[in-house]
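Heads up, the thing below is written out as structure tokens.
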Amino acid sequence: MAALRASSSTNETMRIRAARSEHASAISSLLGALLASGRRNAPTDTEFVLKHYIRHPERIACTLVFSKDDQLLGFQTLKRAVVGNRHETPEGWGIIGTHLSPNVAPQAVGCRLFGTTRMAAATAGLVDIEAFIDAEDDDVLAYYEKIGLGTWRTAPGVVCKRFSFA
């Protein structure tokens, strides 16, 4: 898939692509770096990546951002919430997940990803998107606030942020 043309000088060094099966290894490596840095505790293997991100049955989008030299900087997933989902996100909402390399500036890369994810959510007819975030991850909480998701509910150890198109 061709990269989208960026409009600002920061974005000109980043390229957006839709995730495909051949990206599973690169995504797995990025998740492994997050695990090693203590910012992840879920599986990182390629089978997990394929099942939970690239081929997930409720997937709306899985968007990757690469540097100009083809290094994966991060990815963002958007899935449609179904009854019984593990986050208890209301049915029909979007569930967003952002995974960024520990070596990048989260605000610039994450904001670039959210522009694409937001378009995918609107195209899919979503009215709301929820992020399920570790309450102690100040960087991720700040990122989601910056892109327009406000806190709407909490649970022990978790903050859920919501973006509404309404």
Any chance you could count how many residues in region 121-146 are under 20 Å from L73 (Cα atoms) and either surrounded by fewer than 19 Cβ atoms within 10 Å (Cβ to Cβ) or more than 12 Å from the chain's Cα centre (by Cα) (or both)?
-> 6
Output the number of the condition that R39 fails; it satisfies all remaining conditions of (1) modelled with pLDDT of 90 or more; (2) part of a loop (DSSP other than H, G, I, E, B).
-> (1)
If you check G115, G110, G92, G84, which single one turns out to be crowded, with 23+ Cβ neighbours inside 10 Å and either free of Cβ contacts under 8 Å to residues at least 40 places away in the same chain or in contact with a His (Cβ under 6 Å, 6 or more places away or on another chain) (or both)?
-> G110
Determine if region 49-63 includes at least one residue that is touching a residue at least 24 places away in the same chain (Cβ under 8 Å), among the small types (G, A, S), out of contact with any Phe, Trp or Tyr (no Cβ under 9 Å at 6 or more places or on another chain) and farther than 30 Å from G125 by Cα.
-> no
Does G97 meet the test of being in a strand (DSSP E or B) and surrounded by 14 or more Cβ atoms within 10 Å (Cβ to Cβ)?
-> yes
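The values are calculated or read from the model by the stated rules, or taken from the named source; none is laboratory data. The shown structure was predicted, so the numbers you read here are calculated from the model rather than taken from an experiment. Methodologically, a virtual Cβ is constructed for each residue, glycine included, from the backbone with ideal geometry; neighbour enumeration extends over all protein chains shown.
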